[in-house]
1. Can you spot a residue in the range 208-215 that is under 17 Å from the mean Cα position of the chain (by Cα) and either closer than 18 Å to residue 131 by Cβ or in contact (Cβ under 8 Å) with a residue 40 or more places away in the chain (or both)?
2. Could you list, in sequence order, the residues of the range 142-164 that are outside any loop (DSSP other than H, G, I, E, B) and either more than 18 Å from the chain's Cα centre (by Cα) or touching a residue at least 24 places away in the same chain (Cβ under 8 Å) (or both)?
3. The conditions are (1) surrounded by fewer than 22 Cβ atoms within 10 Å (Cβ to Cβ); (2) touching a strand residue (DSSP E or B) at 6+ places or on another chain (Cβ under 9 Å); (3) touching a residue at least 12 places away in the same chain (Cβ under 8 Å); (4) part of a loop (DSSP other than H, G, I, E, B), and residue 125 fails exactly one of them. Which is it?
4. Would you please name the residue that is nearest to residue 153 (Cα to Cα), looking only at residues in the range 102-113 that are in contact with a helix residue (DSSP H, G or I) (Cβ under 7 Å, 6 or more places away or on another chain) and either in a loop (DSSP other than H, G, I, E, B) or without any contact (Cβ under 8 Å) to a residue 24 or more places away in the chain (or both)?
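The values are calculated or read from the model by the stated rules, or taken from the named source; none is laboratory data. The structure presented is a predicted model; accordingly, all values stated were derived computationally and were not measured. Methodologically, a virtual Cβ is constructed for each residue, glycine included, from the backbone with ideal geometry; neighbour enumeration extends over all protein chains shown.
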C-alpha cells in the first residue's frame, strides 16, 4: 500500500514496513554482470547469479518500484527541501502492512559528504551493521545511472566465532572498482541516529531529510536517503548477499545488490 508524501514541489513515496521474524532461506538470485575484481572471492560470489535464473523470470516492459526508488535517488541533487511526512511516520509504533521477512537497507549521506550504509532487521530496530563508505554521495548518485549497481564489501580477516557482518575492516568495491577501505561503526554518531529515528516508519523510498540546524545545512548540505527492502541470501559462513526486492517482480530500472565476503 503506497502512502504518497506530497511536498509543494516534490513527491516522495513511502511504504510501511514489515517485521522480520526469521531468516530467509537461499533462493534463486538475479543475474549480474561480470567484471574484473581484485578478489577471487568477490568474483565467485557474483558468478552465483547465473543466466539460467534469468530465463525463469523474463523482464517486463513496465517500470518497477525497486528501480523507481533508485531513479528518485538519482534526482535528489535537484531537490531543495525535506519531507515532513517522514517525521510524522517516525512517531509511535506502526504495525507493518507488508508481511514478509525482508531485510531493510538504507543508503544515506549529506550532499557534500560521504555516503553511509545501514542494515537493519526492520526499520524499528537499531542497525546490525553500519559503515561509512569511502565515496561521496554525489559519486554514488552518478553510479545509479547504470543499469546495475554492485557494492561489495570484502574483509581480509577472519575472526574466530564471528559472523561475516561482525568483521570490522572492509575493502569496498563499487561496480568492480576498488574505492578504498572502511571500518564498521561500533557506535552510531548523532547524525546517524537522527536518520535512523527519522526513518523509523519508512520501509521503502528516497528523499531528503531536513537539517537539524542552519549551520549543518550550509556546511554539509541536506541529508539525502534511499531505503529499500532486500532479500538476504547466506552463501556460506564467509559470504552473504542482499538483493533489492522489486514488489512487482522483474522490471526495468537500476538493480542494486550488496555483497559481504570474507577472504582468508
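1. Yes, because at least one residue in the range 208-215 is under 17 Å from the mean Cα position of the chain (by Cα) and either closer than 18 Å to residue 131 by Cβ or in contact (Cβ under 8 Å) with a residue 40 or more places away in the chain (or both).
2. Result: 143, 148, 149, 150, 151, 152, 153, 154, 155, 164.
3. Condition (3) is where residue 125 drops out.
4. In this case the residue turns out to be 113.
Residues are listed down the side, and each one gets a yes or a no for (1) at pLDDT 95 or above; (2) touching a strand residue (DSSP E or B) at 6+ places or on another chain (Cβ under 6 Å); (3) under 16 Å from residue 109 (Cβ atoms):
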site	(1), (2), (3)
153	yes, yes, no
172	yes, yes, yes
176	no, no, no
179	yes, yes, yes
182	yes, yes, yes
